[in-house]
Amino acid sequence: MSRSKIAPAGLLLLASLYLPGSSQAAPASPFAGMAGSWSGGGVLSTSDGAQERLRCRASYDVTGSGAELRLSLRCASESYNFDLASDVQYRGGAISGSWSEASRNASGTLSGRAAGDRIDVAARGESFSANLSLTTRGGQQTVSIRPQGTNITDVSLALNRR
């Protein structure tokens, strides 16, 4: 092929990789590797410097094309219990949804971003707000929750697939 025909052919090939309906696969949902049951533990830290060990169980139900997630997370320590549920959607890198916490009768919305194996969201409600980061790599998951306006300052969890 002559040099004058190679450049247009190369441009055509590149364009076909990015056109809608081309064979280029859409980015994988960050929820894909989360489906199933997880358990583990971590540490809950309070504003007075105290720390308590937590034991947790999580269940992730991934539905549809992998872009929807239903979460159930239950954790307990000597002084604290929480029972968190959420329904979350992933669209083009954005995470959105709702959450509720049964033991404190609290609820609200979630919004944030996902990139690769990491999800960063803000949880907002009438009486509670927190930033949450979650990273899933294979059968291991780390979760960091940083509440605002409460005596709990940090929750760090390490979960393993069961």
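Give the number of residues within segment 103-118 that are part of a loop (DSSP other than H, G, I, E, B) and among the charged types (D, E, K, R). It would help to see each step written out before you state the result.
From segment 103-118, those part of a loop (DSSP other than H, G, I, E, B) are 105, 116-117; that's our starting set.
Going one step further and asking which of them are among the charged types (D, E, K, R), we end up with 117.
So the count comes out to 1.
Against the definition (on the phi > 0 side of the Ramachandran plot, touching a strand residue (DSSP E or B) at 6+ places or on another chain (Cβ under 6 Å) and either surrounded by 15 or more Cβ atoms within 10 Å (Cβ to Cβ) or not β-branched (V, I, T) (or both)), how does G97 come out, yes or no?
Numbers: on the phi > 0 side of the Ramachandran plot: yes; touching a strand residue (DSSP E or B) at 6+ places or on another chain (Cβ under 6 Å): yes; either surrounded by 15 or more Cβ atoms within 10 Å (Cβ to Cβ) or not β-branched (V, I, T) (or both): yes.
Yes.
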Check your understanding: For segment 33-92, which strands (runs of 3 or more DSSP E) that fit wholly inside it have 1 or more residues that are touching a helix residue (DSSP H, G or I) at 6+ places or on another chain (Cβ under 9 Å), buried (at least 16 other Cβ atoms within 10 Å of the Cβ) and not aromatic (F, W, Y)?
Key -> 51-63, 68-76, 81-91
Practice item. Identify, by number, the condition in (1) at pLDDT 95 or above; (2) within 26 Å of R162 (Cβ to Cβ) that N131 doesn't meet. Key: (2)
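Could you tell me how many of the residues in segment 119-128 are within 20 Å of G40 (Cα to Cα) and either modelled with pLDDT under 95 or part of a loop (DSSP other than H, G, I, E, B) (or both)? Even if it seems obvious, please write down each step before you answer.
Taking segment 119-128 and keeping what is within 20 Å of G40 (Cα to Cα), we get 119.
Add one more test, that the residue is either modelled with pLDDT under 95 or part of a loop (DSSP other than H, G, I, E, B) (or both), and what stays is none.
Residues meeting the conditions: 0.
For segment 101-115, which positions are surrounded by fewer than 17 Cβ atoms within 10 Å (Cβ to Cβ) and modelled with pLDDT of 95 or more? Reasoning before the result, please.
Within segment 101-115, the first condition is being surrounded by fewer than 17 Cβ atoms within 10 Å (Cβ to Cβ), and the residues that meet it are 102-106, 109, 111, 113, 115.
T109, S111, R113 - these are the residues of segment 101-115 that are surrounded by fewer than 17 Cβ atoms within 10 Å (Cβ to Cβ) and modelled with pLDDT of 95 or more.
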Revision key, fill the gap. Going through (1) at pLDDT 95 or above; (2) crowded, with 17+ Cβ neighbours inside 10 Å one by one, D154 fails only at (2)
Check your understanding: Which of the following residues is of a type in the set (K, R), at pLDDT 95 or above and within 17 Å of the chain's Cα centre (by Cα): R55, R70?
Key -> R70
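The values are calculated or read from the model by the stated rules, or taken from the named source; none is laboratory data. Treat the numbers as computed from the prediction; the structure is a model and nothing was measured. All Cβ positions, even for glycine, are placed from backbone atoms using ideal geometry, and neighbour counts span all protein chains on display.
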